[in-house]
Structures are given as structure tokens and as C-alpha cells.
Amino acid sequence: MTLLQDAAPAPDATSAAPRRRVRGGRSPQDVVLLILTWLVVLALVAGPIVYVVVAGFAEDAIDLGAGFTLDAVQRVFTTAPMLGKLVQSIGFALVIGLLSTVLATALAWTTVRLDLRGGRLRETLVLGALYISPFVTAVGWVWLATPETGVINRMMQSVGLPSWLQPDILSTPGMVFVLVAHYVPYSYLVVSGALRGVDSRMEEASLLCGRGMTFTTLRVVVPLLRASLLSSVLFVGILALGEFSVPVILGQKGAFKPLSVTVYNSLYTENQDLTLASAVSTELMLVCLVGLFLYGRALRNANRLVSVGGRGHSQAKVKPSRAAAVVVWIATLVYSTITFLVPLAAMVLMAMSDYLAPTLAGMHLSLSTLWDAITTSEVLSAAGNSIGLAVAVPAVAIAISIAVVYLADRAKLRTARALTYVATMPLAVPGLVMGAGLLLLLIRTPLYGTLALIGIGLVSISITHAVRIVGNGVHQIDGSLEEASQLCGVSRLKTVWSVLVPLIRPSVASAFVLLFVLTLRELSVAVVLSTSGTPLLSVSAWNYAASALNKAAAVGVLQLVVILVGSVVLRAVFGAGRRKS
Amino acid sequence: MTSIGYEERNGVPVAQEDQAPAPVLEVRDLVAHYGTTPVVKGVDLTIGEGEFVTLLGPSGCGKTTTLRCVAGLHQVTGGTISISGRTVADAATHVRPERRSVNMVFQSFALWPHMTVFGNVAYGLKAQHLPRAEITARVEEMLDLVGLAGYGPRPVSSLSGGQQQRVVLARGLVTRPTLLLLDEPLSNLDTELRTRMRTEIHALQRRLNLTMLYVTHDRAEALSLSDKVVVLRDGIAQQVGPPDELYDRPVNRFVAEALGPVNVLPAEVVEGGSRPAARLTTVDGGPVLPIAAQSAGSPPVVGEPIELLVRPESLVLHPGDGAHDGIDVEVTLVEYLGNRTEFTCRSGAETIKIELARRPGGVEAGDRLVAGWHAGAESAGAAWQRTETR
């Protein structure tokens with residue numbers, strides 16, 4: 001997930017060239033491609049975002065012809081309870097962003113800088129939570145840590161621990177805990193990527209100047225990582241701001257409900273209010289934009305630090321003492337047990353149980369229960385739909401992103417850079433908001449209720465990731481490789497196919513795997529666009545979470561198996577292709 | 001070696017013998033910008049068939065940009081570029097690189113790592129949709145020519161730097177371009193290999209009568225390879241001509257220094273006309289030396305302050321016994337370099353460098369000697385420039 005690293009656009013030497021029309025300067029194919037790509041990106045990305053903003057002012061969010069009103073906007077932006085909720089939601093998201101980043105930085109530093117045994121296993125344990133939907137984890141924790149009835153609470157009770165020492169997952173700290181556990185892998189990928197880019201000699205120089213490890217970390221490493229630490233906080237914050245599934249499940253006892261839940265409820269429950277949903281969505285987008293603006297301000301002077309380690313890059317690892325290695329490993333195991341292994345085990349046990357008893361004996365565990373739960377026609381067709389989308393959506397999104405990156409980075413056509421900005425806008429828009437916009441925009445078209453509509457929605461939120469990853473890949477390819485092809489008589493567009501695409505194959509592969517996982521796990525857009533005729537695994541699990549937790553867990557297990565098997569298959573496919581070439 | 005048919009060139013008709021042939025490349029008043037910064041400011045350049053022309057200058061002088069304009073990789077702001085009589089670029093026209101019938105050897109090599117040696121060389125031929133058998137034959141012929149016969153199936157990443165350089169050359173030549181552009185092709189090689197590749201490129205160019213435009217900042221490459229050298233400074237051509245002319249009769253200090261070390265000595269014109277001469281003003285009553293009549297701009301005017309551009313090897317050292325005319329100097333440093341010896345001397349406030357092929361016995365720092373004119377150098381007269389006001 002390299003999406004967050006290069007927030008600052010690269011300086012473009014030729015963009016300020018004297019503007020004039022030159023015959024033959026750009027090929028007609030390029031211009032056609034530019035127009036087509038603009039149309040696609042406007043329809044898929046800008047369309048829903050603009051519609052949400054407009055719908056916030058509409059009498060009827062689905063029919064803009066019905067007239068406009070300021071009611072919803074006034075309610076959202078000026079009334080005390082809503083503003084209070086806004087402040088709470090921002091605080092909630094920031095706490096999650098900060099905690100995830102702090103934990104992830106510690107984990108990433110030990111991975112990148114310490115020469116530990118079993119580094120790959122450690123990384124798998126740290127990243128494991130990435131593969132499970134957060135609400136499935138939440139479902140597991142409901143069984144484990146509900147006051148009075150939870151498995152852990154019963155065990156603690158039996159050894160005589162007072163109730164105030166027992167965990168309560170149905171609370172705001174419970175939500176923060178589940179979400180932080182889920183987002184640490186995101187932060188980890190961002191921070192470890194940046195840390196790998198920092199020359200370890202910078203730290204060695206500080207150590208040789210007589211400064212200790214702690215001082216070096218605080219005064220050398222952290223400042224060098226400032227940009228990625230901030231982007232980790234910001235983007236996890238944006239993700240958390242749009243996260244509604246965990247607060248809905250863990251907020252049953254009347255705990256705090258963030259604005260994302262307001263949007264979800266006004267889209268779905270009996271108190272449906274689409275205009276309110278749009279107005280709150282707009283507010284969430286504004287918050288994200290302000291966040292991005294502040295992020296940009298904070299990094300205005302930090303760009304000079306980004307060019308660290310261009311040549312002669314060193315990645316020395318420190319061999320820690322035995323005791324230190326043991327401590328690091330124990331910490332990792334404790335962390336991954338709490339955040340990943342325990343909820344995973346709970347999920348599997350719940351999936352195999354007839355009845356969610358607080359003891360294993362009372363649960364009547366059997367594999368056939370799990371089998372029966374996942375072989376219903378609905379779940380099977382959901383699995384088929386999900387797998388189909390998980391293959392089609394990355395393919396389409398990557399194709400669009402290659403066009404976007406080519407136009408902006410290589411053909412350098414006018415407006416192509418703006419195209420990149422529009423295509424990456426969803427990065428600053430919570431998924432639920434994109435879902436709401438797509439639903440409102442497309443509900444009256446014949447596409448509504450089809451798998452294609454869900455596919456379109458998922459492509460629109462995937463393009464941004466694909467553009468980031470493919471863009472990073474293309475930046476690493478020296479332009480002279482394509483110029484050489486042109487001078488051999490091959491047009492620029494054909495060169496993309498014969499030279500550029502084969503060379504960015506690793507980026508394409510990692511984008512494909514990432515989008516495969518994200519598409520299978522995606523809930524925010526899927527839940528909004530999916531209907532009873534087009535079930536999806538994530539939506540099925542979500543629907544069961546309201547009624548039968550063990551069935552939700554069973555679908556969660558199936559989802560996890562599909563994700564893991566699919567990732568392995570995809571890596572094999574891309575790996576085989578690479579060997580062949 | 002196999003013969004290469006350079007008569008038919010990518011379908012571009014070669015001019016008839018009875019007409020005056022259009023030059024392969026004609027650049028007129030070329031202007032190019034990077035962003036809003038002008039980097040090429042009016043360069044003129046003509047290359048005839050089979051000519052080897054070098055653009056020489058320090059980094060940032062606009063030589064690579066000029067080359068990229070010719071290749072079609074950079075859009076010109078003004079002026080015209082014609083290839084074989086066809087205008088390929090001016091302020092309103094831009095023929096795309098793939099349609100210019102030129103090819104290029106990149107400084108970074110730019111070999112495609114996902115293809116084999118054969119794949120890299122065959123690439124341009126496949127684009128011309130030639131029959132497979134012809135492609136194979138031509139690629140093998142070309143690999144043979146650059147000394148890589150049998151290397152076709154290897155991945156390019158497995159080759160050494162010198163071998164990669166040969167693949168790049170083969171890729172550039174196999175499409176039979178009207179003009180081959182070379183952008184500092186040897187700068188990525190170590191010293192020994194650079195010398196060897198330089199010789200090979202030279203031999204290949206002469207043997208196949210190739211037309212080449214070569215960019216470098218290495219004066220040895222420029223002097224040894226070129227029929228014609230263009231010295232560029234800040235996007236403006238300072239002097240164009242054969243290497244020996246530029247070396248012996250540089251129009252200014254910049255050109256002189258671009259091609260080799262030079263002493264810049266202040267002087268005053270004492271005689272104009274057909275046999276001009278100038279008196280060195282390094283010391284009171286300095287010697288009078290003949291200066292070159294041919295120089296840029298107007299002829300020298302008596303009394304005018306000028307600067308003489310004197311190569312270190314144009315001077316010799318005589319004993320300071322009064323029997324020799326010349327500049328009285330004091331030797332401050334003697335550096336023995338094997339095939340030659342360099343003397344750093346002082347004359348008044350000026351430092352003068354003198355280079356001798358042999359080390360004269362007994363000369364040491366502190367000796368007072370006379371620096372005289374090398375026989376032969378005197379008759380041509382010293383190169384000079386009008387005093388720069390900085």
C-alpha cells in the first residue's frame with residue numbers, strides 16, 4: 001500500500017514551457033485517450049462527490065428537480081448536537097490515527113532496523129489483521145469481551161477479578177481498540193516503506209557522534225519520517241472517520257456514535273433521510289480537505305528531507321542482543337495475539353458453533369455447522385459475485401490508472417495533471433460518502449440492482465490506489481527507455497504496451513493483489529449498492545452480524561479463505577509470468 | 001565484416017548525385033526552453049553525409065537539449081531543423097521522433113531490461129514490420145559488426161558495461177537511420193574502456209560512412225572523433241570548425257579552454273595591418289609577439305588591450321643568459337608526468353604554464369629562465385581575444 005507516500009507531486013520541468021500550438025506535437029491517439037479517460041474519471045470519481053455536495057441542499061436527494069433547501073445543511077453545520085458530534089468524531093478518528101501510527105512505527109522500526117530471526121513471520125503476524133474485515137473482528141470480540149456474558153469476562157469472573165478490571169468491548173475504548181488493531185497494518189506499510197528509504201548511515205553517524213539510540217531515534221529518525229508519520233495519521237484518520245461498521249456493532253449499548261453512523265442510519269434505517277446523509281457526507285469531506293490542507297502546510301518545508309538517500313543507499317541492520325531480540329519477539333507475539341490471533345480463533349470457533357455459549361463444551365462445535373452456513377445458495381452466489389468483482393475491479397481500475405499515469409507523466413498533455421488529482425480525490429473521501437454519492441447518482445438508472453453497478457462503485461474507489469501504485473512504478477522507470485523505443489520508430493502509445501507495461505509489472509502485480517483484497521473486504525460502498533439480487537460476501541457477513549453472529553463469523557471465515565487463497569494464486573500467476581519473460 | 005546498405009534509408013530518398021545534395025541535418029537559429037528558461041539561444045549547425053560533428057561544452061550549455069531537439073524529444077521554441085531537406089521542427093511544426101529517421105545512443109544506455117540482446121536490437125525492425133527472416137539476418141549482421149556475435153539470446157542485464165554499449169550502438173544502427181545521435185555515450189564507462197570504445201566508434205563511423213552528431217564534455221573525444229566541433233556556451237555556439245582549427249585558433253578564451261589548457265596573458269596591440277603584433281604587459285617592457293591576423297570581429301587596433309591565448313606546449317624554456325628573446329620567468333613548480341613535464345612559472349603578477357615533452361636537465365623551482373616561442377608556433381601567431389570586461 002504505497003498510496004500515501006509521495007503526497008507532494010514531483011516538480012515538472014516542462015509544464016511551464018511556453019504554451020503554443022504545435023502541429024504534430026501530440027498524437028491524435030493521445031488526445032482521444034485523454035478525452036476518454038477524463039470522461040471515465042469524471043463519471044466515476046468526480047460525479048458521486050459533486051452529487052453528494054449538491055444533494056445536501058436538495059429537497060429530494062434523488063430527484064434534484066424537486067427544489068433546494070438549506071434545512072439539512074443548517075442542521076448539520078449550525079446545531080449544537082451535530083457540531084458536538086463532529087468534534088467527537090474528529091477526536092475519535094485522530095486518536096485512532098495517532099495510536100495506529102505510534103504502534104506501527106515501533107513495529108516497523110524493529111522490522112527494518114533490527115536483524116531478527118523470523119522477520120517474515122513477524123511481518124505476517126503484524127499484517128495479518130489486514131485480511132479480516134474490522135466488523136468481523138468486532139463480532140468476535142462481542143463474543144469474547146461483553147460484560148457478564150463474554151468468554152474472557154466469565155473466565156476473569158471465575159478467578160475472582162472484580163468487574164471493573166474486566167474488558168468491555170461494547171464501549172468507545174472498545175471501538176478504538178478494534179479499529180486501531182485493524183489500521184496498524186496500514187500505518188505499518190506506510191512507515192516501513194519510508195523507513196526503508198532512509199539511509200541507515202544517518203543513524204550510524206548520530207551514534208558515532210556519541211548519541212544514544214533513544215536520542216538518535218527521536219532527533220534523527222522521527223524528523224526524517226515526519227512526512228510519512230503525518231500522512232499515516234491523516235489517512236488512517238480519514239479511513240476511521242468513514243468507518244461505520246465497528247461503531248454500529250459495538251455501539252449497541254448506547255456508546256458514542258460517530259457521524260459515519262449518522263450517515264449510515266440516514267441511508268438505511270427507517271429514519272431514512274437522504275438529504276441529511278448528503279449534508280453530513282459533505283461535512284465529512286470538508287473535514288478531510290482541511291486535514292489534507294494542514295498536512296500540506298506542515299510539510300511545506302519538509303520536502304528537502306524527502307530526497308534522503310538518492311545514491312549509495314545503505315540499509316545496515318543492527319544485530320540486537322539476545323535479550324533484546326527476545327523482548328521484541330515477545331512484544332510482537334503479545335501484540336499479534338491480542339489483535340489478530342485471538343479474534344481469528346474466536347471467529348473460527350464461532351463459525352463452527354451451533355450456539356454461542358460462553359464455554360467450548362456448550363458450543364457444540366462441528367465443521368458441518370460451518371459447512372452448512374457457507375453452502376447456502378445465498379452465500380455461494382455471494383462468493384461467486386465477490387470473486388468475480390475481485391478479479392474484474394482491479395483489472396479495470398489498473399487499466400484506467402495506467403491511462404491516467406501515462407497521460408500525466410509521459411504524454412504530459414494539458415489537463416492531464418488535473419486528471420491525476422481528480423482520480424486520487426477519493427483518498428480524501430470516506431468510503432461511505434463515495435458509496436452514498438454513487439447510490440444517489442445511479443439509483444434511478446437501469447444499472448441499479450446489477451452487479452455492474454457495484455463493480456462501477458468499487459472501481460471508482462479503487463482507481464486512486466491503482467494510480468498511486470502504478471504512478472510510483474512509472475516514476476522509477478527512466479524516460480529514456482521509452483524515448484529509445486520512439487527513436488526506433490514506435491509511437492508513444494504503442495511504446496506504453498511494449499516497454500512501459502512490462503517494466504512496471506511488479507507495481508501492476510502489487511496493485512492487483514491489494515485491490516483484490518480490498519474489493520473482497522470492502523463494505524462501505526458494497527453495502528450501499530448491493531441489493532438482495534446481488535449479494536456479496538462482505539455484505540452477507542454484515543447482514544448476519546445484526547441477527548446471527550455465528551453465521552456472520554462463518555461468512556467471515558469463508559471471506560478470509562477466499563482472500564488468502566486468491567492472494568496466493570495471484571502471486572503465483574504474476575510470478576510465473578515474470579519468470580517466463 | 002559485412003556490407004551495410006546505407007543507400008536506402010528508411011524510405012527517405014537520398015539526394016541525386018547531379019543536384020547539390022541537401023545536408024543530412026540543417027539547424028538554423030535553434031531556440032529551445034526548459035520551462036521558461038531559454039537553454040538554446042540560436043544555434044546554427046550543418047552536417048553533411050558521412051560527417052562526424054561534435055557538440056562540446058560544459059554541463060548546462062545546451063548541447064544535450066540541442067540533440068534532443070534534433071531527435072524530436074524536445075520541442076523547439078524557434079528556428080528550424082531539417083533532416084535530408086525535410087523540415088521536421090520549427091515554431092509551428094513538430095514531427096514526432098518515430099517519424100524522423102534518426103536514432104539515438106543514450107547516456108544511460110536505455111536498454112530494455114525485459115528483452116534479450118536480440119530483442120533490443122530487433123525492436124526497431126519489428127516496428128517496420130519486416131519479414132522475420134530479414135529481421136534475424138540484419139540483427140545478426142549488426143551484432144557481428146559490433147563484436148557481439150552469438151550474444152543474441154542473452155538478457156541485456158547479464159552483459160558488462162562495454163558489451164551493453166555495443167548493444168546500444170547496434171540498436172541505433174540497425175534501423176539504418178539517416179543520422180545517429182550520441183548523447184555522451186562513453187561517460188558511463190571506465191577510462192580504459194572509454195578509450196577503446198572511442199576507437200571502435202571512430203572506426204565504425206569511417207568504415208560505414210555514418211553521419212553522426214555526438215554530444216560530449218570530454219575534449220579528447222571531441223578532438224579525436226570529429227570532422228567538425230561546435231563549442232557551446234550558455235546555449236550559443238562560440239565557434240564551429242575542424243578540431244585543429246579550434247585548438248590552434250580559438251576565437252576566445254572559452255573555446256581555447258574547452259579544448260585544452262591555455263595561458264591567458266594580457267597584452268597590448270603594437271602593430272595592426274597584415275602582420276599584427278602585440279607586446280606582453282605582464283612585465284614592464286615585455287616582449288613583442290606576432291598575433292594571428294584571423295580572429296573574430298574587427299582587426300586589432302594599435303593600442304588596444306587584448307589577451308593572448310597561448311598553449312603551454314607552444315612555449316619553450318631557455319636559459320636566462322640574455323641570448324634568447326622571450327618572457328623572463330621564475331620557475332615556481334616542476335611536475336614530472338612521465339611523457340611530459342609541466343612547469344609553473346611566474347612573470348610579474350601572471351602565472352604561466354609551460355609543457356615540454358622532455359624534462360630538461362637541471363631546471364628546478366626558483367630558477368630564472370626565459371620562456372620563448374616554440375618553433376612553428378611563432379609563424380602562425382598567437383590566438384587572442386579582446387580583453388573581457390567582467
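Of all strands (runs of 3 or more DSSP E) completely enclosed by the stretch B:75-162, which ones contain at least 2 residues that are under 30 Å from residue B:190 (Cα atoms) and in the same structural domain as residue B:34 (by TED's automatic domain parsing)?
Ranges flagged: B:102-105.
Name the single residue, out of those in the stretch A:154-177 being touching a Pro at 6+ places or on another chain (Cβ under 6 Å) and in a helix (DSSP H, G or I), that is nearest to residue A:94 (Cα to Cα).
A:175
Restricting to helices (runs of 4 or more DSSP H) lying wholly in the stretch A:329-415: which have 3 or more residues that are closer than 30 Å to residue A:33 by Cβ?
The helices (runs of 4 or more DSSP H) meeting that bar are A:377-405.
If a residue has to be within 34 Å of the chain's Cα centre (by Cα) and either surrounded by 18 or more Cβ atoms within 10 Å (Cβ to Cβ) or of a type in the set (D, E, K, R) (or both) to count, how many in the stretch A:198-216 make the cut?
6
Counting just the residues of the stretch A:474-483 that are crowded, with 18+ Cβ neighbours inside 10 Å and either under 25 Å from residue A:574 (Cβ atoms) or in contact (Cβ under 8 Å) with a residue 12 or more places away in the chain (or both), which one comes out nearest to the other protein chains (Cβ to nearest Cβ)?
Among residues in the stretch A:474-483 that are crowded, with 18+ Cβ neighbours inside 10 Å and either under 25 Å from residue A:574 (Cβ atoms) or in contact (Cβ under 8 Å) with a residue 12 or more places away in the chain (or both), the one nearest to the other protein chains (Cβ to nearest Cβ) is A:481.
Of all residues in the stretch A:505-534, which are assigned to a loop (DSSP other than H, G, I, E, B) and within 22 Å of the chain's Cα centre (by Cα)?
Scanning the stretch A:505-534 gives A:522, A:523, A:530.
Return the total of residues in the stretch B:84-97 being among the hydroxyl-bearing types (Ser, Thr, Tyr), under 21 Å from residue B:212 (Cβ atoms) and within 8 Å of another protein chain (Cβ to nearest Cβ).
Within the stretch B:84-97, residues that are among the hydroxyl-bearing types (Ser, Thr, Tyr), under 21 Å from residue B:212 (Cβ atoms) and within 8 Å of another protein chain (Cβ to nearest Cβ) number 0.
State whether one or more residues within the stretch B:33-45 are surrounded by fewer than 24 Cβ atoms within 10 Å (Cβ to Cβ), more than 9 Å from every other protein chain (Cβ to nearest Cβ), closer than 22 Å to residue B:186 by Cβ and within 23 Å of the chain's Cα centre (by Cα).
Checking the stretch B:33-45: at least one residue is surrounded by fewer than 24 Cβ atoms within 10 Å (Cβ to Cβ), more than 9 Å from every other protein chain (Cβ to nearest Cβ), closer than 22 Å to residue B:186 by Cβ and within 23 Å of the chain's Cα centre (by Cα).
Select from the stretch A:486-506 the residues that are at the interface with chain B (Cβ under 7 Å from one of its Cβ atoms) and without any contact (Cβ under 8 Å) to a residue 40 or more places away in the chain and write down the one among them that is nearest to residue A:412 (Cα to Cα).
A:486
Scan the stretch B:318-342 residue by residue and report those that are assigned to a strand (DSSP E or B) and touching a residue at least 24 places away in the same chain (Cβ under 8 Å).
B:318, B:319, B:327, B:328, B:329, B:330, B:331, B:332, B:333, B:334, B:342, listed by residue number.
For the stretch B:288-343, which residues satisfy the criterion of being at positive phi and either of a type in the set (D, E, K, R) or surrounded by 17 or more Cβ atoms within 10 Å (Cβ to Cβ) (or both)?
Residue satisfying the conditions is B:326 alone.
To keep it simple, each residue is scored yes or no on (1) at pLDDT below 90; (2) crowded, with 16+ Cβ neighbours inside 10 Å; (3) within 25 Å of residue B:213 (Cβ to Cβ); (4) more than 14 Å from chain A (Cβ to nearest Cβ).
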position	(1), (2), (3), (4)
B:82	no, yes, yes, yes
B:99	yes, no, yes, no
B:116	no, yes, no, no
B:161	yes, no, yes, yes
B:166	no, yes, yes, yes
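Kindly evaluate residue B:135 against the criterion of being modelled with pLDDT of 90 or more, surrounded by 17 or more Cβ atoms within 10 Å (Cβ to Cβ) and within 13 Å of chain A (Cβ to nearest Cβ).
Answer is yes for this residue.
Please go through the stretch B:54-74 and pick out each residue that is in contact with a Lys or Arg (Cβ under 9 Å, 6 or more places away or on another chain) and in a loop (DSSP other than H, G, I, E, B).
B:57, B:58, B:61, B:62, B:72, B:74
Out of B:198, B:207, B:171, B:194, I need the residue that is in contact with a strand residue (DSSP E or B) (Cβ under 9 Å, 6 or more places away or on another chain) and either among the polar types (S, T, N, Q) or assigned to a helix (DSSP H, G or I) (or both). Which one?
B:171
Which one is modelled with the lowest pLDDT among residues in the stretch A:19-60 that are loosely packed, with under 13 Cβ neighbours inside 10 Å and within 14 Å of chain B (Cβ to nearest Cβ)?
Step by step, filter the stretch A:19-60, then rank; the result is A:19.
Among the residues of the stretch A:180-187, is there at least one that is touching a residue at least 60 places away in the same chain (Cβ under 8 Å) and over 21 Å from the mean Cα position of the chain (by Cα)?
So far as the stretch A:180-187 goes, no, none of its residues is touching a residue at least 60 places away in the same chain (Cβ under 8 Å) and over 21 Å from the mean Cα position of the chain (by Cα).
What residue, of B:170, B:127, B:122, is of a type in the set (A, V, I, L, M), crowded, with 22+ Cβ neighbours inside 10 Å and within 11 Å of chain A (Cβ to nearest Cβ)?
None of the others qualify; the one that does is B:122.
If you check every pair at least six apart or on different chains, which have Cβ atoms under 7 Å apart with a residue in the stretch A:539-552 that is hydrophobic (A, V, I, L, M, F, W, C) first and a residue that is surrounded by fewer than 20 Cβ atoms within 10 Å (Cβ to Cβ) second?
As it stands, the answer is A:549/A:356, since those pairs meet every condition given.
Of everything in the stretch B:286-315, what is more than 21 Å from residue B:329 (Cβ to Cβ) and either at pLDDT 90 or above or under 27 Å from the mean Cα position of the chain (by Cα) (or both)? Give them in sequence order.
B:292, B:293, B:294, B:295, B:296, B:297, B:298, listed by residue number.
Which of (1) surrounded by fewer than 21 Cβ atoms within 10 Å (Cβ to Cβ); (2) within 29 Å of residue B:242 (Cα to Cα); (3) among the aliphatic types (A, V, I, L, M) does residue B:55 not meet, given it meets every other one?
It fails just one condition, (1).
The values are calculated or read from the model by the stated rules, or taken from the named source; none is laboratory data. From a predicted model like this one, the values you see are computed outputs, not experimental measurements. Here Cβ is always computed from backbone atoms with ideal geometry, including for glycine, and neighbour counts include all displayed protein chains.
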